[in-house]
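Read through the structure below, which is laid out as structure tokens, and then see the notes.
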Amino acid sequence: APWRSIISGCGDVIAKFTAVKDWQLAHAEKHEYYGEYAASLALMSTRLVMQNAELIQPDNEEGLRVLLEALVSCGVAMSIAGSSRPCSGSEHLFSHALDMLDGNHAMHGEQCGVGSVLTAYLHNANWQQIRDTLKEVSAPTTARELGVKDEDVVKALEMAASVRPDRYTILHKLKLNREACEKVARVTEVIN
């Protein structure tokens, strides 16, 4: 696969961290079905990629194998859950919102990785570790690296909850205004 596709796959797998956090939140606050096994499988995939990020380098078959196993496990997690819930949360809504604003920029997984940095911050989770892992595999971590304007990141974060109003996430809970979205993007260094 082209190296950029591998990077995108890494971003998508790492994003399962926040997807599961959103699923747990929906379960706690909206009594949505939550499958512990499916969630654990998605999280295990994230950990596998994050712990082996140094292996994910061009022409390293072992690193590619780690990523492929993680991606397959994510597919199995969704099959077990009966939906994409263990693998798609607020970070994916952010990516879809970016596509709606301007679809001519980064790949899906690259956008989800950056979305996971932003939404991990909102979950009061270790967003720095997500950012640092993305950097280790040469994945984008900023608006500039995604090829989007700073204001589009802010706008996408603000409108992301409206992309799927039925999928309750941290974005639905917090109902961030433009100023709050800009603050999140600046604190996480996604924008300058």
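The values are calculated or read from the model by the stated rules, or taken from the named source; none is laboratory data. Predicted model only: the values in this text are computed from it and were never measured. Neighbour counts are summed over all protein chains in view; Cβ atoms, including those assigned to glycine, are modelled from backbone coordinates with ideal geometry. With ligands, DNA and RNA removed, areas are computed over all heavy atoms of the protein, side chains included. Shrake-Rupley method; radii C 1.70, N 1.55, O 1.52, S 1.80 Å.
Full extension of the chain between Ser84 and Tyr37 yields a length gain of 15.5 nm, computed as 0.36 nm times the residue separation minus the alpha carbon distance. Calculated [222 nm] ellipticity per residue, helices only, for the chain: -22000 deg cm²/dmol; basis is -39500 (n - 2.57) per DSSP H run with n ≥ 4, divided by all residues, nearest 500. Label zone of Gln57 (point 7 Å out along Cα→Cβ, amide N under 18 Å): in the range 137-151 this covers 137-139.
With a length cut of 27 Å (Cα positions projected on each helix's long axis) and a Kyte-Doolittle mean of at least 0.0, go through the chain and give me the DSSP H helices that pass. Walk me through the numbers before you get to the answer.
On the way: long enough: 61-81 (30 Å, 1.18).
Both cut-offs are met by 61-81.
What are the semi-axes of the equivalent ellipsoid for the chain, taken as the square roots of 5 times the Cα gyration tensor eigenvalues, largest first, in whole Å? Present the calculation step by step, with values, prior to reporting the outcome.
Values: eigenvalues 109, 90, 35 Å².
Taking √(5λ) for each Cα gyration eigenvalue gives 23, 21, 13 Å.
Using the beta-carbon distance between Asp99 and Leu68 and R0 = 25 Å, what value does 1/(1 + (r/R0)^6) give for FRET efficiency, to the nearest 0.05? Approximately 0.50, to the nearest 0.05. Springs join every pair of Cα atoms under 10 Å in this Gaussian network model of the chain, and among Leu146, Leu55, Leu174 the largest mean-square fluctuation is at Leu174. For the residue pairs Lys30/Lys175; Lys21/Lys183; Lys155/Lys183; Lys149/Lys183; Lys155/Lys175, alpha carbon separations beyond 18 Å are given by Lys21/Lys183. With a cut-off of at most 15 other beta carbons within 10 Å, and DSSP calling the residue loop, which GluC sites (Glu not before Pro) in the range 122-192 qualify? Please list them. Passing sites in the range 122-192 are Glu189. Per residue, the chain exposes an accessible area of 46 Å² to a 1.4 Å probe, with every protein chain left in place.
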